[in-house]
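Undergrad: Once you've had a glance at the structure underneath, I'll fire off some questions.
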Amino acid sequence: MVERAYAKINLTLEVVGKRDDGYHNIRSIMQTVSLCDYITVKKDESDAIIIKSDKCNIPTDKRNLVYKACESFFRAAGIKGGAIIEIKKHIPVAAGLAGGSSDAAATLRALNRLYKTGFSEDMLRKIGAIFGADVPYCISGGTALCEGIGDIITPLKPLPRMDLVISIGGEGMSTPAMYAKFDDNMQQNTIDTDGMLDAINKSDARGIAARLGNTFERICCEKRSFIIKIKSIMIQNGALGAVMSGSGPSVFGFFHDKEEAARCSKLLISKGYYAFYCNTINIANKKS
Ligand code: ATP
């Protein structure tokens, strides 16, 4: 069974504050894009969990979120089962695109079908929340407002199809380090999530692109100037708006059309950046 695991971008990401348990509450509008990993899931008759990947920059042991998804799934289902899972990676690792969480969500969807457990998407979200804050969103994907630690999800009106370029210019910063910086200088919130909700409701592509925003961006830009450079190349080459995704360091920009996105992607590559173009999609649980 092959399941697609789609990447996500954050149209907005606001850190709302720190909780007593040390976690942070966020308010973020997430969006699925067409870039995806492929997850092949087979039953393992000896009840082992075996992970294989075509990329060596991710762990294939218990640290892999796919492994955690298997363990949590079998525990919730009360099954003594096993799985052999092959991950074909296309989503850049540790880039703010939720590659690991999406792989885990795809694994939960595939196991649910393979073992005919009949769990609802809501139940799969609950299982996913045990081991990853972005996993619940990745179960159904689409356009959604994610609150709490990312686990309170409100589906939104699907975005009109938008063409975008995703680009990476170097290593990112650790997410805990960025939260620590946020705690030190609690900046005034400048992210217009409500305005973005309004633009989404009106299917206003220009309004959406104009309201992209991320609390972490300024923190990350202090140490990673390539983020500013990529953003300005995108804007100078027709982007309607550009912003860092998640905890970075990937940056995405929305364009009028595919041709303009393809041109900008090529230009970024010629300047030594990693870049590709894709488009927004409405669901994450599309079968291959
Ligand atoms: P997020 O946007 O959810 O913060 P991210 O895109 O920044 O996530 P991931 O690509 O999910 O980051 O990888 C984060 C870490 O998770 C990496 O250090 C990686 O080693 C580990 N990891 C565990 N499982 C996976 C997986 N299946 N794919 C990619 N990374 C994984």
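Undergrad: Once you have the Cα-Cα distance between Arg75 and Gln236, take 0.36 nm times their residue separation minus that, and quote the gain in nm to one decimal. Display every interim value, and only then the final one.
TA: On the way: separation 161, 0.36 × 161 = 57.96 nm, distance 5.15 nm.
Residue separation times 0.36 nm, minus the Cα-Cα distance, leaves 52.8 nm.
Undergrad: Length gain on complete extension for the stretch Lys52 to Val2, per 0.36 nm per residue less the alpha carbon to alpha carbon distance?
TA: Values: separation 50, 0.36 × 50 = 18.00 nm, distance 1.40 nm.
Extra length from Lys52 to Val2 when fully extended: 16.6 nm.
Undergrad: What's the center-to-center distance, using Cα atoms, between region 205-270 and region 42-59 in Å?
TA: Answer, in whole Å: 35.
Undergrad: Let me ask another. Of all accessible surface on region 186-288 at a 1.4 Å probe, what whole percent is carbon and sulfur?
TA: Here carbon and sulfur together make up 48 percent of the probe-accessible area.
Undergrad: Please compute the net charge surrounding Asp134, taking Lys and Arg as +1 and Asp and Glu as -1 over other residues with Cβ under 10 Å from its Cβ. Before the final figure, lay out each step's value.
TA: Working: positive: Lys8; negative: Asp151.
My count for the surroundings of Asp134 gives 0.
Undergrad: Are there trypsin sites (Lys or Arg not before Pro) in region 186-223 that DSSP puts in a loop and that have at most 16 other Cβ atoms within 10 Å, and which ones?
TA: Lys202
Undergrad: While we're looking at this one, here's another question. Grab the alpha carbons of region 1-132, take their convex hull, and tell me the volume per residue in Å³. Before the final figure, lay out each step's value.
TA: On the way: hull volume 15.7 nm³, N = 132.
Output value, Cα hull per residue: 119 Å³.
Undergrad: Which three semi-axes in whole Å describe the equivalent ellipsoid of region 64-203, each the square root of 5 times a Cα gyration tensor eigenvalue, listed largest first? Let's see the in-between values first.
TA: Numbers: eigenvalues 170, 76, 52 Å².
So the three semi-axes of region 64-203 are 29, 19, 16 Å.
Undergrad: Under 13 Å from the 7 Å Cα→Cβ point of Lys271, by amide nitrogen: which residues of region 190-233?
TA: Inside the label zone: 225-233.
Undergrad: Around Thr175, under 12 Å between beta carbons, what's the net of Lys plus Arg minus Asp minus Glu among the other residues?
TA: Values: positive: Lys181; negative: Asp134.
That sum, taken over residues with Cβ under 12 Å, equals 0.
Undergrad: While we're on this one: Tell me, what is the per residue accessible area of region 74-184 in Å², probe radius 1.4 Å?
TA: About 39 Å² of surface per residue is accessible.
Undergrad: Right, something else. Within region 27-119, report the GluC sites (Glu not before Pro) that DSSP leaves as loop and that have at most 10 other Cβ atoms within 10 Å. Intermediate values should be presented prior to the final figure.
TA: Details: sites: Glu45, Glu71, Glu86; in loops: Glu45.
Loop-located and lightly packed - Glu45.
Undergrad: Can you give me the angle between helix 226-236 and the longest principal axis of the chain, using Cα atoms only, in degrees from 0 to 90, rounded to the nearest 10?
TA: Helix 226-236 sits roughly 60 degrees off the main axis of the chain.
Undergrad: Put one equal scatterer on each alpha carbon of the chain, apply the Debye formula with no solvent term, and list log10 I(q)/I(0) at q = 0.11, 0.12, 0.15 1/Å to two decimals.
TA: Those come out to -0.62, -0.74, -1.13, one per q.
Undergrad: Kindly express, to the nearest 10 degrees and within the range 0 to 90, the angle between helix 65-77's C-alpha long axis and the longest C-alpha principal axis of the chain.
TA: 50 degrees
Undergrad: How large is ³J(HN,Hα), in whole Hz, for each residue of region 164-170 in order, when computed from phi with the Karplus curve 6.51 cos²θ - 1.76 cosθ + 1.60 and θ = phi - 60°, using x for Gly and Pro?
TA: Values, residue by residue: 9, 10, 10, 9, 10, x, x Hz.
Undergrad: Rounded, prolate or oblate for region 133-243? Axes are the square roots of the Cα gyration tensor eigenvalues, ordered a ≥ b ≥ c, and the cut-off for rounded is a/c under 1.5. Before the final figure, lay out each step's value.
TA: Working: a/c = 1.67, a/b = 1.14, b/c = 1.47.
Verdict is oblate for region 133-243.
Undergrad: On to the next question. Calculated FRET efficiency, Ile130 and Ala210, Cβ-Cβ r, R0 35 Å, to nearest 0.05? Intermediate values should be presented prior to the final figure.
TA: On the way: r = 37 Å, r/R0 = 1.07.
That pair, Ile130 with Ala210, gives E of 0.40.
Undergrad: Grab the DSSP H runs of the chain that are 4 residues or longer, score each as -39,500 (n - 2.57), total them, divide by all residues and round the 222 nm result to the nearest 500 deg cm²/dmol. Intermediate results must be reported in sequence, preceding the final value.
TA: Values: 10 runs with 103 residues, N = 288.
My calculation for the chain gives -10500 deg cm²/dmol from helical runs alone.
Undergrad: Tell me the angle of helix 175-185 to the major Cα principal axis of the chain, expressed in degrees between 0 and 90 and rounded to the nearest ten.
TA: Between the helix axis and the principal axis of the chain, the angle is about 50 degrees.
The values are calculated or read from the model by the stated rules, or taken from the named source; none is laboratory data. Please read these numbers as outputs of a predicted model, since none were measured by experiment. Counting neighbours? That spans all protein chains shown, and the Cβs are built from the backbone with ideal geometry, glycine included. Keep in mind that these areas ignore ligands, DNA and RNA; they rest on the heavy atoms of the full protein, side chains included. Shrake-Rupley method; radii C 1.70, N 1.55, O 1.52, S 1.80 Å.
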